[in-house]
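Okay, so here's the structure we're looking at.
The values are calculated or read from the model by the stated rules, or taken from the named source; none is laboratory data. Computed from a predicted model, the values in this text were never measured in an experiment. Cβ sites come from the backbone with ideal geometry, for glycine too, and all protein chains shown count toward neighbours.
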Amino acid sequence: MKICLVGYGISNEELLKNILLKENHEIYVSNNKPFSDKDIIFFENNGISYEEKHGDLLKSSDLAILSPGIPPKSLPIQIIMENNIPYTTEVEYAWKKIKKENPKAIFIGVTGTNGKSTTTELIGHILNGSYNTFIGGNLGTPLSSADYDREVYVVEISSFQLFWGKEFTPEFSVLINLMPDHLDWHSSLEEYYNTKLGLIIKTIKNNGLGFINSNLRSYLNNVKNLFFFGENGNYIWKNNMIETKNNINIKVNNESLKLDLYREDVLSAVAVALNLGISKELIEEKLISFKTLEHRLEYVGEYNGIKFYNDSKATNVHSAFTAYKSFRGKNYVALLTGRPKNEDMHEFLLELQNNAKKVIVFGEMVNEIKKYNFFTNYVVEKDLHSAFIKAVDLASNDDYQNDFYIILSPAGASYDLFKNYKERGKAFKKEVYKLMEMV
């Protein structure tokens with residue numbers, strides 16, 4: 001079979017090196033930009049044909065494996081559709097391979113607009129020790145890098161991966177939440193939502209278990225093997241405790257996980273763990289020991305009563321909104337930046353107008369903010385450094401007697417000024433560390 005990797009990011013690279021090279025295929029790599037010298041040497045040493053502009057190699061392939069972020073209206077998709085080339089994704093191809101080698105493996109697919117990475121890591125953290133567990137997927141460790149002998153595979157799945165891969169069907173599926181996102185990629189909000197909901201539907205049709213936020217009940221109701229978490233659900237949050245319909249109460253004794261931002265993540269992770277036979281006592285121990293992810297409302301440090309939080313992973317309005325709501329009633333400066341995603345920001349900016357001491361905006365987000373005439377509680381800076389200096393200056397005002405918070409929760413993608421959200425978050429942390437050295 002002639003297999004063409006369309007795009008050569010980390011997922012397709014891992015698939016090539018860990019699975020495809022061990023199979024009897026003719027392999028092509030089709031890209032839309034030049035390869036590195038290292039990549040070219042690797043291709044030539046392994047007899048792999050490559051092209052730096054999508055064209056003849058892709059046209060002649062029997063199967064295309066798409067990098068998830070390739071847009072539906074792009075040139076490679078046009079070529080694939082015109083030539084009726086079957087297509088899939090790295091995660092789907094790896095899933096099929098693992099299930100073939102290890103049919104008893106349990107897959108847990110985690111999707112949603114926000115909280116996917118935290119929920120994936122939290123489920124894996126709770127299960128580790130009870131099961132031989134792999135944790136990965138869209139959060140950075142491709143499924144194709146996993147060993148075949150694991151008992152449980154906890155996999156974060158993006159809407160892009162679900163859109164291009166139609167067959168991936170885990171035994172457990174989790175839909176944490178749904179809010180407008182990626183409307184610069186998906187053709188409509190309906191398409192985006194249906195792509196996410198499709199994972200739950202496939203799992204249930206295959207006699208698996210689905211876990212879904214109770215505020216999405218109208219999309220899927222009166223369906224067997226479906227559990228709701230949240231208000232009026234099977235698993236609810238009450239007084240920093242998770243109460244279940246089975247009268248099992250789980251205490252949440254982790255200060256970070258008590259924040260509003262993580263509530264849905266904890267509820268869904270505990271629901272999955274209980275349905276995999278993990279005891280109440282062990283779940284409570286695991287919740288205590290869990291450390292939240294870097295760049296996800298991450299506490300960075302303190303300087304002269306100012307506490308700094310890095311939430312660079314909040315690349316959409318819903319995620320940032322949830323983060324800032326956690327600081328209602330407190331003195332804080334909000335940093336907004338990044339490339340907007342065609343979302344309605346009205347309610348979000350109303351929150352900041354009423355609750356933030358000041359909002360500092362920089363990058364492409366500036367032009368987006370100016371569309372909302374009612375929003376006046378902001379100043380514009382040219383970059384992260386100048387925004388940080390301004391925030392510290394505001395926070396150092398003697399009028400504030402209590403703790404003050406400076407929060408980077410951008411509400412936009414990082415690509416206007418940074419390579420990715422991690423680079424943006426590290427740049428913010430570097431500013432904090434430089435300031436702390438002055439003490």
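Observations on the model:
- Taking the range 49-78 as the range and being of a type outside the set (G, A, S) and touching a Lys or Arg at 6+ places or on another chain (Cβ under 6 Å) as the test, only D62 passes.
- If the condition is being of a type in the set (K, R) and either at pLDDT 95 or above or more than 21 Å from G210 (Cα to Cα) (or both), then the range 126-175 contributes only R150.
- Only helices (runs of 4 or more DSSP H) whose full extent lies in the range 340-439 are considered here, and the ones with at least 1 residues that are over 21 Å from S319 (Cβ atoms) are 384-395, 421-436.
- Condition check for G208: surrounded by 18 or more Cβ atoms within 10 Å (Cβ to Cβ) and at positive phi: no
- Some residue of the range 341-349 being buried (at least 24 other Cβ atoms within 10 Å of the Cβ) and out of contact with any Phe, Trp or Tyr (no Cβ under 7 Å at 6 or more places or on another chain): no
- S256 in the same structural domain as Y415 (by TED's automatic domain parsing) and in contact (Cβ under 8 Å) with a residue 40 or more places away in the chain: no
- Tally, over the range 278-303, of residues that are among the hydroxyl-bearing types (S, T, Y) and out of contact with any Leu (no Cβ under 8 Å at 6 or more places or on another chain): 3
- Within the range 90-118, the residues that satisfy the criterion of being modelled with pLDDT of 95 or more and over 16 Å from L162 (Cβ atoms) are K97, I98, K99, K100, E101, N102, P103, K104, A105, I106.
- Within the range 286-308, restricting attention to residues that are touching a helix residue (DSSP H, G or I) at 6+ places or on another chain (Cβ under 9 Å) and assigned to a helix (DSSP H, G or I), the residue that is farthest from V174 (Cα to Cα) is S289.
- T89 meets the conditions (1) in contact with a Gly (Cβ under 7 Å, 6 or more places away or on another chain); (2) at positive phi in every case but one. The failed one is (2).
- If you go through the range 201-229 and keep only what is among the hydrophobic types (A, V, I, L, M, F, W, C), within 14 Å of T113 (Cβ to Cβ) and free of Cβ contacts under 8 Å to residues at least 40 places away in the same chain, you end up with just I212.
- When the range 44-62 is limited to residues that are of a type in the set (S, T, N, Q) and assigned to a loop (DSSP other than H, G, I, E, B), the one that is surrounded by the fewest Cβ atoms within 10 Å (Cβ to Cβ) turns out to be N46.
- Selected residue (criterion: nearest to V266 (Cα to Cα)) from residues of the range 159-200 that are of a type in the set (S, T, Y) and touching a residue at least 12 places away in the same chain (Cβ under 8 Å): S173
- Members of the range 348-374 that are of a type in the set (A, V, I, L, M, F, W, C) and farther than 17 Å from F321 by Cα: F362, V366, F374
- Filter result (out of contact with any helix residue (DSSP H, G or I) (no Cβ under 8 Å at 6 or more places or on another chain), buried (at least 19 other Cβ atoms within 10 Å of the Cβ) and free of Cβ contacts under 8 Å to residues at least 60 places away in the same chain) within the range 391-439: A391
- Checklist (1) farther than 23 Å from K73 by Cβ; (2) buried (at least 21 other Cβ atoms within 10 Å of the Cβ) applied to D181, failing item: (1)
- Contact map, the range 362-385: first residue in the same structural domain as N331 (by TED's automatic domain parsing), second residue of a type in the set (S, T, Y), Cβ cut-off under 7 Å, separation 6 or more or different chains; pairs are F362/T337; G363/T337; M365/T337; I369/Y378.
- Matching residues, the range 301-358, being aliphatic (A, V, I, L, M), at pLDDT 95 or above and more than 22 Å from the chain's Cα centre (by Cα): V333, L349, L350, L352, A356
- Matching strands (runs of 3 or more DSSP E) fully within the range 63-143 where at least 2 residues are surrounded by 19 or more Cβ atoms within 10 Å (Cβ to Cβ) and aliphatic (A, V, I, L, M): 63-66, 106-111
- Restricting attention to the range 287-300 and to residues that are of a type in the set (A, V, I, L, M) and closer than 17 Å to T113 by Cα, the residue that is farthest from the chain's Cα centre (by Cα) turns out to be L297.
- The one condition in (1) touching a residue at least 24 places away in the same chain (Cβ under 8 Å); (2) in contact with a strand residue (DSSP E or B) (Cβ under 8 Å, 6 or more places away or on another chain); (3) over 24 Å from G230 (Cα atoms) that N342 fails to fulfil: (2)
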